[in-house]
Amino acid sequence: MLDLWLSSNTLVIVLAPFVVLYSIAHFIGWITHRSPARPYFASCIGIAGPYFASVAILFGLFAAFLGNDVQRRGANAAAAVFREADGIGTILRLSEAVGKDADQIKAEALAYLKFVLDEELPKMHKRGAAPNKLGKERTLSLAVLNASIAPAVQTAMLGALVTVREARLERRSLSGDISSPLSWFAVIALGMLTQIAIAVVQLDKARPQALALFVFTTAFATTVALIGVAERPFSGRIIDAEPLRQALASVNS
C-alpha cells in the first residue's frame, strides 16, 4: 500500500493523506460524541492535556527523522547527477582536445547523454525507476578502451568513465529506493495516536475537539504529503537534469 501510494503521481501523493486523515478525525469525533459509545466517553471527561504531550513529541521526533532521511537521499541523488554530468563533460572536453582520433568517443558520449535525457530520466520521472539498459554505457566504455590516443588522455578518460558509471549506479539506486516502511508506520501510527490523544482531552465539548483535531490533522497531513513528495526525488521532479543538459549544450554550441 505504501509503495503504491508513493509510486502515484504528485497530486495523489498530496491529496491522499488529507482525505484519509480527515476521515479518521471525523470518525474520532463521531465515536466520542455521537455514537452509542458516547456515555462511556462522557465518563472519561477530565483527562488533562499534559499527560498526552509525550505522544505528540514522539510523533514530531519520528517525523523529523523520516524527513531527514528523505532529504539526505534527495541530496545524494542531486550530487549523483552532478557527478555524472561532470564525468561525461570531462570525456567530451578531452575528446574535443584530442581531435579526430577521439571522434568515436565523442559520438558515444553524446549518444549516452541523449539516452539518459530522452529515455532514462523521463521513465524515472513517471515511475521513479527505469529498466537498467547498459548498451550506451558499454559502447562508450569500449570506445574509450579501444581508442588510439595518448595513454595519459586515455587514463583521464577512464577515470571520468568510472565516475560516470558510479554516479549512474547511485542515481538509479536512489530513484527506486524509499525509506524504511517501519519508519513510515511509526510516523503514521504516532500521528493517529496524537489525534486520539487530542480527542480524549476534549471529551466534554464537541466544537473545541473538532477545532483541535482540524488543526493537528492539517499539520499531520501536510507533513506526510511533503515527505511523500520528496520520497522519490526523480518521480517528483525534485532532482533537475540541468547539469546533464548543460553538458550536452556545451557540445552543440
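Each value in this text was obtained by applying a stated rule to the coordinates, not by laboratory testing. All values derive from a computational prediction rather than experimental measurement. In this analysis, Cβ positions are derived from the backbone assuming ideal geometry, glycine residues included, and neighbour counts consider all displayed protein chains.
Just a few scattered comments:
- When volume of the Cα convex hull per residue in Å³ is computed from the coordinates, the matching label among [x] 286; [y] 124; [z] 111 is [y].
- Count, lysine Cα pairs under 29 Å in the chain, 8 or more residues apart or across chains: 14
- If the segment from Ser250 to Asp204 were pulled out straight at 0.36 nm per residue, it would be longer than the present Cα-Cα gap by 9.7 nm.
- Considering only Ala85, Ser148, Ala63, and ranking their Cα positions along the charge dipole of the range 52-201 that arises from unit charges at the beta-carbon of Lys, Arg, Asp and Glu, the one farthest toward the positive end is Ala63.
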